[in-house]
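K.L.:
Here it is, the structure in full.
The values are calculated or read from the model by the stated rules, or taken from the named source; none is laboratory data. Please read these numbers as outputs of a predicted model, since none were measured by experiment. Here the Cβ positions follow ideal geometry from the backbone for every residue, glycine too, while neighbour counts run over all protein chains shown.
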Amino acid sequence: MPQTLDAAAVRSWCSLALEALGREREEIDAINVYPVADGDTGTNLYLTVESAAQAVEAVFAAHETGASVPAPADAVRAMAHGALLGARGNSGTILAQLLRGMAEVLADPAPTDTAGAEGTRLAPALRRAAALAREAVAHPVEGTILSVASAAAEAAEAAEAAERSGAADAGATVRAAYAGARAALAATPDQLPVLGRAGVVDAGGRGLLAVLGALVRSLTGETPAAFPMGRRRYADPAAVESAIGSCAPEGGPAFEVIYLLEADDRAVARLRTRLDGLGDSLVVVGGDGLWNVHVHVDDAGAAVEAGVEAGRPYRIRISHFGAATEEPPERVQRAVVAVVPGEGLAGLCAEAGATTVLARPGEPPASGELVEAIRRAHAREVVLLPNDAALRHTAAAAAEQARTEGVRVALIPTRAAVQGIAALAVHQPDRRFDEDVVAMTTAAGATRYAELAVAERQSWTMAGICQAGDVLGLIDGDVAVIGADLTATAEAVLSRMLAAGGELVTLVLGDELPDALADRLETYVRDGHLAVDTVVYRGGRQSVPLLIGVE
């Protein structure tokens, strides 16, 4: 019996695609010529799929406490939404739209005649994906990931048409799609002159082939024939680099601008026209009020302003294409990389010398973002502070990747931002690395942490049953206090924490909390514990209204 693309298969597909792109990332980066020879296509595709995989894992995690498993529609929608949120670069953005197109078809209710249903749905899913991707690109070019996607769809449709007399087999469909994509990828140097001059296939198309190969493995258990990597025509590496260098367009746009945008369809249509006049490589993907915008421009500010006029842009990333050709600065000896839950703490940690990664509410950073931050710190030794228990495995993966690149990384398992602040306070880059790590680890471990959150629904907790809207006081990760008032709950939490002693209380307030609350809590601590100092920071927009640390 052919395997179907159920939720488990979607999960496996994401995992295998991430594995394949992780294995081939550097080689895909190396053949990245079009539209700009900036050597990051493999990395961008990896980060895009990593975000998709995390979203699918979150759907499964939500079902762990029950007997049910996620519906296939929930899994494919999560995959597409995650890719949209994490899309990087030109190819990553197009891949996100391809996954969205597949999800539109696969998430529809299954046909009433289920015989061969998966096979008959995969071909139109691939066709919808290819069509949506072309619509998203302002000026589609053949010999790119778009050509590979179209060829995969055509081959899948032909395979299903040949089996009309019997049940369409999902395995046969994806095998045909992979074979069609593989042939189309091999033809890309003959379609796009810039690829032919460099003797390479399209990097984005090569990444898509890896994703389709993972789909074949997920549905059939078979590993499809690998596509030969490397440059095709030059035996001399120096000649290859010279050819690729000659492909970089003179006087092209200076900046790559990417952002997520909340806007309606009409505003996005106007935005497309505006951005098309500002630059090139324009790709706008998404729908239902959320979009991912990618463009190459000389005026990055104008591209962002156009987004502001259309709606609410956020997660704005601006990269200078000239940066890769500039002489890299000399490495510093040691740096700290810290994950922070709000803009206020990002500024505070940056002032203390740390390279920061912002964890927005509901959007934890991927391991690729942590690796990028470690590279950005440009140090021989790095202390990594995840500042969230849920990021333990993500941070460990990032640390391991950085070590393979020659960076000495120490991961301090900080479980909250206040522990990271305590660690940063004792950081001394001029002492021995091991001594510095021990001192920072000790300071973090000596800091108890708490947070106040608002319950979203009725549930059982360590402190009893809470109702939706109750204020929860969590100490060291467990609910310890349930209250109706934020101030009274915060005071109860402080009372419990200070009962075990302490010298310093750290309060981190979210945007929505008034200064008067901080004054009230400072007075509460001072009145009950004369020898305890209190420091207050503004965290900005963060996932919980109040963070508390006691050292």
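K.L.:
Tell me, which residue of segment 479-489 that is part of a helix (DSSP H, G or I) and not hydrophobic (A, V, I, L, M, F, W, C) is nearest to LEU513 (Cα to Cα)?
P.N.:
THR487
K.L.:
Which residues, counting only those in segment 23-50, are farther than 22 Å from ALA138 by Cα, more than 18 Å from the chain's Cα centre (by Cα) and surrounded by 24 or more Cβ atoms within 10 Å (Cβ to Cβ)?
P.N.:
Of everything in segment 23-50, those that are farther than 22 Å from ALA138 by Cα, more than 18 Å from the chain's Cα centre (by Cα) and surrounded by 24 or more Cβ atoms within 10 Å (Cβ to Cβ) turn out to be ILE28, ILE31.
K.L.:
What number of residues within segment 429-445 are farther than 19 Å from ALA416 by Cβ, in contact (Cβ under 8 Å) with a residue 60 or more places away in the chain and hydrophobic (A, V, I, L, M, F, W, C)?
P.N.:
Total meeting the criteria: 1.
K.L.:
So ALA492 ticks every box in (1) outside any strand (DSSP E or B); (2) under 23 Å from PRO341 (Cα atoms) but one. Which box is left unticked?
P.N.:
(2)
K.L.:
Considering only segment 284-291, I want to know if a residue exists there that is in a helix (DSSP H, G or I), modelled with pLDDT of 90 or more and in contact with a helix residue (DSSP H, G or I) (Cβ under 8 Å, 6 or more places away or on another chain).
P.N.:
Within segment 284-291 (the criterion being in a helix (DSSP H, G or I), modelled with pLDDT of 90 or more and in contact with a helix residue (DSSP H, G or I) (Cβ under 8 Å, 6 or more places away or on another chain)), the answer is no, since none of the residues qualifies.
K.L.:
Of the residues GLY204, GLY199, which single one is under 28 Å from THR93 (Cβ atoms) and at pLDDT below 90?
P.N.:
GLY199
K.L.:
Please enumerate the residues belonging to segment 55-79 that are surrounded by fewer than 24 Cβ atoms within 10 Å (Cβ to Cβ) and either at pLDDT 90 or above or part of a helix (DSSP H, G or I) (or both).
P.N.:
Hits for segment 55-79 are ALA55, GLU57, ALA58, VAL59, PHE60, ALA61, ALA62, PRO72, ALA73, ASP74, ARG77.
K.L.:
Which of the residues belonging to segment 473-484 are crowded, with 19+ Cβ neighbours inside 10 Å, over 19 Å from VAL505 (Cα atoms) and either at pLDDT 95 or above or of a type in the set (A, V, I, L, M) (or both)?
P.N.:
Matches in segment 473-484: VAL479, ILE482.
K.L.:
Go through the residues of segment 52-73 one by one and say whether even a single one is in contact (Cβ under 8 Å) with a residue 12 or more places away in the chain, in contact with a strand residue (DSSP E or B) (Cβ under 9 Å, 6 or more places away or on another chain) and outside the structural domain of ALA398 (by TED's automatic domain parsing).
P.N.:
Looking through segment 52-73, none of the residues is in contact (Cβ under 8 Å) with a residue 12 or more places away in the chain, in contact with a strand residue (DSSP E or B) (Cβ under 9 Å, 6 or more places away or on another chain) and outside the structural domain of ALA398 (by TED's automatic domain parsing).
K.L.:
OK, next. Please give the number of the condition ARG266 fails out of (1) crowded, with 16+ Cβ neighbours inside 10 Å; (2) at pLDDT 90 or above.
P.N.:
(1)
K.L.:
Looking only at helices (runs of 4 or more DSSP H) that fall completely inside segment 360-460, which ones have 1 or more residues that are crowded, with 20+ Cβ neighbours inside 10 Å and within 25 Å of the chain's Cα centre (by Cα)?
P.N.:
Passing ranges, in order: 367-377, 392-404, 417-425.
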